[in-house]
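The structure appears right after this line, and notes come after that.
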Amino acid sequence: MSGEQITIFDTTLRDGEQSPGCSMNTNEKLEVAGALVELGVDVIEAGFPIASPGDFEAVQLIAREFGSRTTICGLARCRNEDIDRAWEALKDAEQTRIHVFLATSSIHREHKLKMDKSEIVQQAVESVKRAAGYCSDVEFSPEDAARTELDFLCEVIEKTIDAGATTVNIPDTVGYATPSQFYNCIAHLKKNVPNIHKAVISTHCHNDLGLAVANSMAAVEAGARQVECTINGLGERAGNAALEEIVMTLRTRSDYYGCDTRINTKRLFPTSRLVSTITGMQVQRNKAIVGQNAFAHEAGIHQHGMLQERTTYEIMRPQDVGFSGTNLVLGKHSGRHAFRDHIIAMGYKLDDEYFEQIFADFIALADKKKDVYDADIAALVEKRIGDTGDAWKMISLHTSAGTGSIPTATIELQYKDQEPQRDAATGDGPVDAVFGALERIIGISARLRDYQVRSISVGKDAQGEVTVEIETGGRTYFGKGFSTDIIEASAAAYLKALNKAVAGAGQPTPARPEAV
Ligand SMILES: CC(=O)SCCNC(=O)CCNC(=O)[C@H](O)C(C)(C)COP(=O)(O)OP(=O)(O)OC[C@H]1O[C@@H](n2cnc3c(N)ncnc32)[C@H](O)[C@@H]1OP(=O)(O)O
Ligand SMILES: CC(C)C(=O)C(=O)O
Ligand SMILES: [Mg+2]
């Protein structure tokens with residue numbers, strides 16, 4: 001770790017749980033608390049004990065189980081019963097913090113609390129004193145601080161520090177602040193609150209304008225030494241500052257901030273997954289640090305750069321946040337460098353001519369299909385390699401089928417370098433019609449002994465693999481075809497088998513009991 005230590009105060013179990021649809025039961029909270037301890041957070045805000053018996057129980061169990069390894073905190077309004085209840089839940093832990101809060105902005109004073117400034121100061125001071133009577137670690141938050149008059153904020157902070165607050169948390173409760181404004185607010189407190197050195201300055205930023213992390217980082221620059229945050233940025237409305245983003249910004253840019261945290265960053269991704277699974281809140285694919293695309297590269301120019309030197313397009317090592325590695329995604333934006341690298345890793349050695357053909361097949365497939373899997377690439381390679389020496393090549397295929405119409409297939413094939421030949425056939429269905437048309441052009445009549453279709457990867461757009469077994473002239477021939485279109489795959493498989501028949505490369509047909 002380099003530079004000054006920033007305290008990471010995790011409020012996933014309190015503010016995060018306030019997020020609509022994210023309630024957790026006691027067992028789930030214990031599981032998340034265990035993951036947060038492994039992650040190395042300094043303070044876990046485990047809940048708001050007065051809120052419900054379930055909240056009380058969860059804070060108590062977390063305090064008992066994890067209170068010797070990290071500080072467990074409980075939230076309380078500036079009311080005696082809240083503070084007493086918070087302490088009751090926390091008291092079995094070795095490391096405890098009571099977090100009391102009271103709104104200070106004029107909007108909240110006038111409309112919500114209906115209290116004047118002096119009443120706010122008096123209630124805040126009395127509550128901090130009561131909490132300090134229980135434990136030495138007391139945090140005070142002037143709720144909606146970012147919209148509070150700076151002079152009044154200074155007064156409240158000074159008096160609550162005198163009353164025993166050891167951390168003063170400056171919440172941007174409604175995500176209204178901007179980074180430079182928030183920087184100035186923290187800098188103003190540092191300069192104008194005479195006893196500010198007796199407490200740690202903290203931030204608690206909400207993300208209503210998407211600025212929670214930026215505002216938190218501006219506060220750190222101005223001197224804040226605790227950041228309140230949540231896994232995946234969960235929290236009221238648009239959420240809180242995302243823990244993983246704060247931690248990795250401090251780690252990656254320690255050159256700039258001169259600070260770091262105690263977080264075991266390799267636990268970030270697993271913890272994010274756990275919280276997402278438990279709460280049911282999906283992490284968006286392009287979410288910084290823990291999103292599925294955070295270390296994925298598809299563009300050919302980027303992949304080429306990455307293959308030369310990872311740092312061309314990555315500022316963090318994926319392994320450092322718990323991913324297994326960089327993901328060079330093969331898709332329609334990929335270039336030859338990445339594709340060649342990938343097929344070599346899959347164990348294929350191709351000469352330049354094959355490579356160019358298979359790369360063209362790959363781009364055509366990627367245009368049709370969202371995700372291209374290794375099984376798809378293997379199918380492309382095998383198809384091209386298997387196609388060499390085939391006398392008959394498919395030029396075009398058209399089918400029509402449906403209720404109330406006769407299934408018809410029109411096919412154009414080319415034999416070696418000769419003029420393409422076209423013919424059509426009808427059948428019981430489009431596949432049967434295709435097989436009939438192929439036989440008419442090639443001039444071979446065969447019996448279909450087996451026909452199988454399977455999907456070679458996942459998703460509705462997966463490629464299908466068709467395998468056929470045909471018999472002609474007392475010999476058996478196999479053919480395989482691949483395509484996102486089952487009719488095309490069937491045509492390719494049947495053509496492959498007929499080509500083998502043309503070349504006489506079959507096996508004697510084994511005896512097989514026929515259906516009666
Ligand atoms: C910015 C934040 O995240 S604050 C934390 C928000 N979290 C929650 O609200 C947790 C879930 N809340 C609850 O379970 C309930 O709201 C409770 C148990 C806390 C309170 O429930 P109720 O007693 O029914 O009150 P209700 O929620 O309707 O109203 C809040 C009351 O607290 C008062 N209040 C609000 N904040 C504070 C405060 N910091 N200190 C003292 N009183 C406060 C309000 O003025 C109001 O008082 P009133 O009942 O005398 O009018
Ligand atoms: C309780 C306080 C810190 C809070 O959650 C907020 O102001 O957003
Ligand atoms: Mg909050």
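The values are calculated or read from the model by the stated rules, or taken from the named source; none is laboratory data. Every value quoted in this text rests on a predicted model; they were computed, and no experiment measured them. Counting neighbours? That spans all protein chains shown, and the Cβs are built from the backbone with ideal geometry, glycine included.
If the condition is being within 17 Å of Glu244 (Cα to Cα), free of Cβ contacts under 8 Å to residues at least 24 places away in the same chain and surrounded by 15 or more Cβ atoms within 10 Å (Cβ to Cβ), then the stretch 293-316 contributes only Glu314. Scanning for something out of contact with any Ser or Thr (no Cβ under 6 Å at 6 or more places or on another chain), under 30 Å from Ile246 (Cβ atoms) and not in a helix (DSSP H, G or I), does the stretch 328-349 turn up at least one residue? Within the stretch 328-349, one or more residues are out of contact with any Ser or Thr (no Cβ under 6 Å at 6 or more places or on another chain), under 30 Å from Ile246 (Cβ atoms) and not in a helix (DSSP H, G or I). In this structure, Lys287 does satisfy being touching a residue at least 40 places away in the same chain (Cβ under 8 Å), surrounded by fewer than 21 Cβ atoms within 10 Å (Cβ to Cβ) and either outside the structural domain of Asp162 (by TED's automatic domain parsing) or not in a helix (DSSP H, G or I) (or both). Kindly check whether there is at least one residue in the stretch 241-259 that is in the same structural domain as Asn207 (by TED's automatic domain parsing), over 12 Å from the mean Cα position of the chain (by Cα) and within 16 Å of ligand 1 (Cβ to nearest atom). Yes, the stretch 241-259 contains a residue that is in the same structural domain as Asn207 (by TED's automatic domain parsing), over 12 Å from the mean Cα position of the chain (by Cα) and within 16 Å of ligand 1 (Cβ to nearest atom). The residues listed here are Thr271, Thr279; of these, the one that is crowded, with 17+ Cβ neighbours inside 10 Å and modelled with pLDDT of 95 or more is Thr271. Restricting attention to the stretch 200-234, the residues being in a loop (DSSP other than H, G, I, E, B) and in contact (Cβ under 8 Å) with a residue 40 or more places away in the chain number 3. For the stretch 138-163, enumerate the residues that are crowded, with 19+ Cβ neighbours inside 10 Å and not in a helix (DSSP H, G or I). Within the stretch 138-163, Val138, Glu139, Phe140, Ser141, Pro142, Glu143, Asp144, Thr148 qualify. Residue count for the stretch 196-207, restricted to those that are more than 21 Å from Ser272 (Cα to Cα) and under 27 Å from the mean Cα position of the chain (by Cα): 1. Here the stretch 44-54 is the region considered, the condition is being more than 16 Å from ligand 3 (Cβ to nearest atom) and not polar (S, T, N, Q), and the residue that is nearest to the chain's Cα centre (by Cα) is Gly54. I'd like to check something: does the stretch 55-78 contain any residue that is among the polar types (S, T, N, Q), under 29 Å from the mean Cα position of the chain (by Cα), buried (at least 24 other Cβ atoms within 10 Å of the Cβ) and away from ligand 1 (no atom under 11 Å from the Cβ)? No, because not a single residue in the stretch 55-78 is among the polar types (S, T, N, Q), under 29 Å from the mean Cα position of the chain (by Cα), buried (at least 24 other Cβ atoms within 10 Å of the Cβ) and away from ligand 1 (no atom under 11 Å from the Cβ). The residues in the stretch 449-461 that are touching a strand residue (DSSP E or B) at 6+ places or on another chain (Cβ under 8 Å) and free of Cβ contacts under 8 Å to residues at least 24 places away in the same chain can be counted, and the count is 4.
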